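Please treat every number below as a calculation from the coordinates, not as lab data. Note that this is a predicted model, so its numbers are computed, not measured. As a convention, Cβ positions derive from the backbone with ideal geometry for all residues, glycine included, and neighbour counts pool all protein chains shown.
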Amino acid sequence: MKLSREEVLHIARLARLGLTETELERLREQLSNILENFEILQQVDTTDVPPTAQSIPLQNVTKEDEVAASLPQSEILANAPQREGEFFRVRAVLE
Amino acid sequence: MLTIHEANQLLRNKKLSSLELTKACLERIQQVEPKLHALVTITDELALRQAKKADELIAKGDAHPLTGIPVVIKDNMCTKGVRTTCSSKMLENFIPPYDACVVERLNSCGAVIIGKSNMDEFAMGSSTEHSAFFATQNPWDLSRVPGGSSGGSAVVVAAEETIYALGSDTGGSIRQPAGFCSVTGLKPTYGRVSRYGLVAFASSLDQIGPLTRDVTDCALVMNAIAGFDNRDSTSVPYPTPDYTQCLTNDIKGLRIGIPKEYFVAGMQAEVEKALQAAISKLEELGAKVEWEVSLPHTPHALAVYYIIAPSEASANLARYDGVKYGFSYQKTDNMWEALEKTRQFGFGDEVKRRIMLGTYALSAGYYDAYYLKAQKVRTLIRREFDQAFEKYDALVTPTSPTVPFRIGEKTDDPLQMYLSDVCTLPINIAGLPAISIPAGFADGLPIGMQLIGKPFGEETILKIAYAYEQATEWHKRKPKI
């Protein structure tokens, strides 16, 4: 099975990943090849087998709702590419 | 070449100060880094400050076994105030406002952090060639890769730039480079070491562990970093043993299984020969070895891993949007364009490939056929290990099917690169502990042996590893750089 150009573009859009024309073609080739190799899994009988999401016997871990100090706002904002006062600055969502 | 326990003796007996030891490591770094490129950041000022503090602690008699001992941290673990890049352009200038749990724990032992090590970008890779900054060289042969993704951490230990290092392991990223560089590397059971402050790659598979010069050091580091932390909800609330207590030479009667599926296709003859000799050594030491164990789902592990890990990665890496931190594309006023270009220019090829692969496996129409199917086969792989551990105390395999490959040899063929982890990734799928220890050389290139334990059975594999190490000299060999 070879992925179409449209399929690769669709996935890139879902992932919000910009791609150059060269990247798109290369990924089309490589992903098709990798996915073809994964077809080996279809031979495995998994009737009545439950899925495993993680490997330890813990479920629904909760903890006490205790008040604790938060990180200082200035330290959190220190890595912001763009800020305005005490806010992260973002571009307009609605135009 | 000092180990932690040897350095600790010298520090306690006042034959050496932490400041002297730290300066010696920093000098060694200056000397060999131009050839090896194992460090992204050298934290010399921090190290000298911590060394002085450690010497005060030692003078007061307050020393922990790790006090005053230099360590290198893989650059995907947050260090407060020290750049943490994941070897990615995306985080090139990211300064974490907090320490990872393991860093906190080492600091509270009086550790001396001398640098942050190079890695495959976001820990995705098996050769450290996928670093956005530079490739790292193998100290045993500079034309070869050190393995990955914790390649930098393995190299600094092998090349004596530090006494020990921390790495992270999602599919073999501690063990495979440990094998390629002839050092000891342990991936603990999933849940044993807190992942708080470890930059997430595949959250159900990631685990932090030590890279050291011998098994005793590995146990000492585990004593410091293992144990419950309520900031990681997959950290288990089980008691943590003193891992040095199991280091006795007595492995008589321990049952060791050799899964035959790990000795097939693509394995180099020299690796197979070295492993057979190493296993015979274990037999000589009194272990009961069963040579023909079968784990029939092993050939499916690669596909399971390369569906689950990229799927989790595609979700985890969705956070890099150029708004809160990290690289941000500025040359547009359009929000969507800014987001797409931030990710296009911030991520490297392998990271993009895995985001695409994971997004595909999770997308409408393909979820059942890929992601859900992989999770079901994951169950079968776990069950198979559970059944094996009813009969055996440990399983033994090569760490990698080959000796270190040449730089550039596999970068154009992602599937070939993925196959380098074929012996290590089933262990992450099942969440088991496994250690790689030096087990020989072929034409001067290192060969690693992997010991796999049952969940929370680190002590058994440390015990076997220790007995083998005491009976062999491989771990004492040094590379000529």
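Structural remarks
- Residues B:C181, B:C25 in ascending order of nearby Cβ atoms (within 10 Å, fewest first): B:C25, B:C181.
- The stretch B:4-248 - Rg (one decimal) and Dmax (whole number), Cα, Å: 16.3, 47
- Only the Cβ atoms of Lys and Arg (+1) and of Asp and Glu (-1) were treated as charged; on that basis the dipole of chain A about its Cα centre amounts to roughly 340 debye.
- Backbone amide hydrogens, once placed in the peptide plane, bring B:V40 within less than 5 Å of B:K116, B:S117, B:N118, excluding anything fewer than 5 places away on its chain.
- Across chain B, C-alpha contacts under 8 Å between residues 6 or more apart give a mean separation that, scaled by the residue count, equals a relative contact order of 18 percent.
- Between 0 and 90°, nearest 10: helix A:5-14 axis offset from chain A longest Cα axis: 30 degrees
- Basic side chains Lys and Arg get +1 at the Cβ, acidic Asp and Glu get -1 at the Cβ, and with that the dipole of the protein assembly as shown about its Cα centre reaches some 700 debye.
- Across B:K281/B:K476; B:K15/B:K80; B:K80/B:K480; B:K74/B:K480, pairs whose alpha-carbon gap is larger than 27 Å: B:K15/B:K80; B:K80/B:K480
- Dipole of chain B, positive end: most advanced residue of B:S280, B:Y367, B:Q470 [Cβ charges, Cα centre]: B:Q470
- Under 5 Å between amide hydrogens, built in the peptide plane, is the criterion, and for B:G440 it picks out B:I447 among residues at least 5 positions away or on other chains.
- Taking the fewest neighbouring Cβ atoms within 10 Å as the starting point, the ordered list for A:I40, B:I258, B:I225, B:I174 is A:I40, B:I258, B:I225, B:I174.
- Applying D = kT/(6 pi eta Rh) to the protein assembly as shown, where Rh is the Kirkwood radius over alpha-carbon pairs, T corresponds to 37 °C and eta to 0.692 mPa s, the Stokes-Einstein value obtained is 137 µm²/s.
- Listed from fewest to most Cβ neighbours within 10 Å, the set B:I452, A:I56 follows the order A:I56, B:I452.
- The length gained on full extension between B:N93 and B:N334, counted as 0.36 nm times the residue separation minus their Cα-Cα distance, comes to 84.4 nm.
- Rounded tilt (10° steps) of A:21-38 against the dominant C-alpha axis of chain A: 60 degrees
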